[in-house]
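What follows is a short report on a single structure.
No value in this document is a laboratory result; all are computed from the given coordinates. None of the values given here were measured: they were computed from a predicted structure. For neighbour counting, all protein chains shown are included, and Cβ atoms are generated from backbone atoms with ideal geometry for every residue, glycine included.
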Amino acid sequence: MNDCLFCKIIVGDIPSAKVYEDDMIYAFRDIAPMAPVHVLVIPKVHIASADGVNAENSAYVAHIFEAIPKIAAAEGLTNGYRVITNCGEDGCQSVKHLHFHILGGKKLPDQMA
Ligand code: DGP
């Protein structure tokens, strides 16, 4: 077992507020929400970041993007939402396990950086 925080969340060693789960992915509420709805969606395999996506594991990313509209609908995000993945140092990625933020529930700021 590696020392990855999100790998520990997947196996339940660290508690989380689950929003969705299937055999490939896990979704849970962000511990420090930046919007009324702030969900993180992660693959159940350890991929360090967007930089680590390749032909062997890209099915997990495709599956995440198939699940995102369902999660957004279940969260009541009928008026739109934002999906973000931070990558590496300049992207301010703090947890080194690929994750996609779903943010919504209000009009989000226009400015990205
Ligand atoms: P990023 O900066 O893109 O690496 O986002 C990491 C996110 O993970 C950040 O919004 C806070 C969230 N986070 C960090 N630790 C935990 C945790 O233990 N539980 C939950 N639910 N979220 C966490």
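Data table
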item	result
FRET efficiency, Ala32 to Glu56 (Cβ-Cβ, R0 35 Å, nearest 0.05)	0.65
Largest to smallest principal axis extent of the C-alpha atoms in the chain, angstrom	39, 30, 27
Neighbour cut-off at most 12 other Cβ (10 Å), DSSP loop, trypsin sites (Lys or Arg not before Pro), the stretch 61-113	Lys106, Lys107
Rg to Rh, two decimals, where the stretch 1-43 supplies the alpha carbon set and Rh follows Kirkwood	0.97
Where labels lie 7 Å past Cα in the beta-carbon direction, separation of Asp3 and Lys107 in nm	4.6
Over the chain: helical MRE at 222 nm, DSSP H runs n ≥ 4 each giving -39500 (n - 2.57), nearest 500	-6500 deg cm²/dmol
The chain - charge dipole about Cα centre, Lys and Arg +1 at Cβ, Asp and Glu -1, debye rounded to 20	400
Virtual spin-label span in nm between Asp90 and Thr78, 7 Å along Cα→Cβ	4.1
The chain: relative contact order in percent, alpha carbon pairs under 8 Å with at least 6 residues between	30
C-alpha long axis of helix 58-74 to longest principal axis of the chain, angle in °	30
Rg to Rh quotient for the stretch 61-113, alpha carbon positions, Kirkwood Rh	0.99
Nearest-0.05 FRET efficiency for Glu66 and Val11, computed from C-beta distance (R0 30 Å)	0.80
Isolated Cys in the chain, by beta carbon distance under 4.7 Å	Cys87, Cys92
Net charge, Lys70 excluded, C-beta distance under 13 Å - Lys, Arg +1, Asp, Glu -1	-4
